[in-house]
Every structure is written in structure tokens, then in C-alpha cells.
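Since every read-out is calculated from the coordinates, none of them should be taken as a lab result. Here the structure is a predicted model, which is why all the values come from computation and not from measurement. With ideal geometry, Cβ positions are generated from the backbone for all residues, glycine too; neighbour counts draw on all protein chains shown.
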Amino acid sequence: MGAGDHAQEQNDKGAACCAPTARKGAAERAGDLTFETIAGRRVCLRSDHSQVRELAAMADAALASLPGAAVLRDHSRNFVVKLPRPAGGPTLYWKSFRAEGWVERLKDLFRPCPAARAWRGSLRLQEAGIATAPLVACGKPGPGRAPSFLITEELQDCRSVNKWLAHFHEDPARFARQKHQLMRRVGRMLATMHQAKLYHTDMRPGNILVRLSDSGEFDLFLIDTDRVMRTRLRGWRESRRNLMQAMFSPSPEMTMTDRMRIAGAYAEARGLEPLRTARRALFLSSCRWLRRRLRALVRAKPQVGPKPRGLLARLEKLP
């Protein structure tokens with residue numbers, strides 16, 4: 001199957017952002033989304049605001065120079081800029097997905113572009129009942145190696161889980177109940193995602209944004225949705241990885257009790273025994289820690305004996 005045939009197949013499945021390029025000026029309809037060609041690239045719009053169309057035709061450097069724009073990230077993989085609020089609309093965030101090297105560019109010939117994966121991932125999460133940033137537009141790579149991009153609305157009054165934990169750490173006794181509630185909310189969100197057969201390859205607390213509602217409940221939003229995949233969850237392999245990423249991220253304010261609460265809420269939501277789930281996650285995390293250090297030891301000392309090598313060989317079989 002050629003790259004063109006594969007792209008057509010992806011279009012038939014609903015990945016319209018990566019559809020083959022049509023005649024210039026042509027437009028297609030798929031539900032409530034409009035697909036058209038803007039500045040030589042295929043763009044999927046959810047808003048007919050004229051400023052969104054203007055932004056879709058601009059390069060990263062031009063976006064960064066807009067009055068009131070704030071560049072939040074600019075490195076080899078991603079470019080993220082906060083754009084000024086359009087007249088009568090919300091603040092927008094632009095994210096460009098830059099391909100790292102020829103291997104990634106080759107992969108993108110046979111799979112949806114990162115912006116399309118992010119769009120699809122957001123829709124799948126929303127169908128599962130997990131909130132994400134509201135979608136505005138996305139575009140596939142354009143001429144001159146212009147990267148694919150995603151435009152979303154701002155999530156107001158949101159902070160990452162890590163920042164909430166740092167806030168709770170200022171007065172642990174006062175915020176103990178809220179901290180307990182947030183950790184359990186994270187565990188239940190993971191369970192909801194896995195029950196929908198979805199899996200996030202970078203489930204760290206920094207990718208979970210939290211807003212405290214007027215009723216005192218925490219509303220969670222998942223970002224970096226280009227990393228969301230649909231999977232059959234073969235046994236515990238993918239779900240354990242997600243659980244470990246959420247529980248054992250390098251966060252000094254997250255105590256062992258907090259990690260156990262995440263595992264306990266996850267286990268309860270999925271009908272599992274909480275303590276066993278927590279112990280399993282702790283065991284696998286410890287094994288991964290030991291595996292990393294054994295790898296470093298073998299690289300630094302090639303003459304290391306057979307026992308460390310044998311243990312490393314067994315650990316390599318674990319997820």
C-alpha cells in the first residue's frame with residue numbers, strides 16, 4: 001500500500017486532518033467540521049472566526065511576533081504560544097509539532113500527523129467522559145516543512161496536579177481533605193480512561209490540569225492528547241504503565257500515602273482489590289528503578305559478573 005492509499009484509508013476512518021490534498025479551495029464536510037486549504041495546507045476548523053483563518057496561514061515566527069503573544073515553549077519538538085484574545089472570544093493556544101529527524105518524518109508518511117492524532121485523542125477522551133481543552137483548529141504539515149499545528153481554547157483557572165500539590169504543601173493540615181480528594185479524583189480518571197480502552201503514553205501529573213469548581217469539587221482536564229491511543233489493554237501492561245507514571249512522577253510534594261490513594265481509587269473504580277493494586281504498582285516501580293541502575297552498571301563496567309547480568313535479563317521482561 002502506498003502512502004497515498006494509506007492516507008485515503010485514514011480519511012475513510014475519520015482522520016480527516018490527514019486526508020489527501022484536494023483541489024485548492026475545495027471544502028469537505030464531516031459532521032460539524034469543515035476542511036479546507038489555507039496557505040497550501042489542509043486545515044480542520046471548528047470556528048469560522050476570521051482571526052482563526054488568519055492564524056492558520058501564519059508561520060511560528062510570525063505568531064511569536066504578534067502583539068500580546070507569549071511564547072511558552074520553543075524547542076526541537078514543540079512550539080507553544082499563547083495568543084491574544086480575539087474580539088469576543090477566548091484566549092487561544094497554538095501548538096506546532098516539529099518532526100525530529102528523518103525517522104519521524106518517514107513515520108508521518110504512514111500515520112496521521114501529530115495534530116490529527118491530538119484532535120482524535122481529544123474527541124475520544126470526550127466520548128469517554130474525560131474533559132480536554134476545547135478544540136478550535138488543526139492543520140497538517142504545509143509547504144516548506146511547515147509543521148502540523150493544533151489550536152485550542154484556554155482552560156481558565158487551571159493548574160497542574162504538581163502545582164496543586166505544592167499549594168497544599170504550604171499548609172498540609174488545612175488542605176489535607178482537598179489533597180485526599182484530588183488524589184482519588186486522579187485515580188478515578190485513570191480508571192475511566194482505561195475502561196474506555198484508552199491509554200496515554202505520558203500520564204504524568206504535569207499533563208493533568210485541575211480546576212476547583214464553585215461546589216468545591218475538582219474538575220480534571222487531560223492535555224497532550226496526541227499521546228492518547230486506543231488499545232485493548234493487554235492484561236495489565238498498559239494500565240500499569242499509566243498507573244506508575246501518575247504515581248511515581250518526580251514530585252517532592254507527593255507522599256507515599258498520596259500515591260497509595262491514587263492506586264486505591266483506581267482499583268475501586270475498576271472493581272479491583274485496592275491494596276493488591278498498590279503493592280503491584282510499587283513492586284513494578286521498584287523493578288524499573290533497579291533495572292535502570294543495572295543498565296547503567298553494565299554500560300559503565302562491561303566486565304561485570306554474570307549475576308547482575310542475569311538479574312537484568314529477568315527485569316528486561318517486565319513492562
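Taking θ as phi - 60° and the Karplus parameters 6.51, -1.76 and 1.60, the scalar couplings of segment 60-68 work out to 4, 4, 5, 5, 5, 8, 5, x, x Hz in sequence order, x denoting glycine and proline.
Database remark: amide H of S148 closer than 5 angstrom to the amide H of F97 (H placed geometrically; neighbours at sequence offset of 5 or more, or on other chains; Pro and chain starts carry no H).
Between the amide H of N78 and those of R98, distances stay under 5 Å, these residues lying 5 or more places away or on another chain, with hydrogens modeled in the peptide plane.
Multiplying the residue separation of A313 and D202 by 0.36 nm and subtracting their alpha-carbon distance yields 37.4 nm. Extending 7 Å from Cα along the Cβ direction at V80 and again at T231 yields two label points whose distance is 2.2 nm.
Net length available on complete extension from R73 to A173 is 32.4 nm, with 0.36 nm assigned per residue and the Cα-Cα distance removed.
Once the Cα-Cα distance is subtracted from the 0.36 nm per residue extended length, the S286 to Q156 segment shows a gain of 43.1 nm. Note on R111 and K163: their simple-model spin labels are 3.0 nm apart, each label 7 Å out from Cα toward Cβ. Between A39 and A128, the C-beta separation translates, for a Förster distance of 41 Å, into a calculated FRET efficiency of about 0.75. Spin-label pair A57-K301: with each label point 7 Å from Cα along the Cα-Cβ axis, the two points sit 6.5 nm from one another. Take 303-316, 283-296 and order them by the average number of nearby Cβ atoms within 10 Å per residue, most first; the result is 283-296, 303-316.
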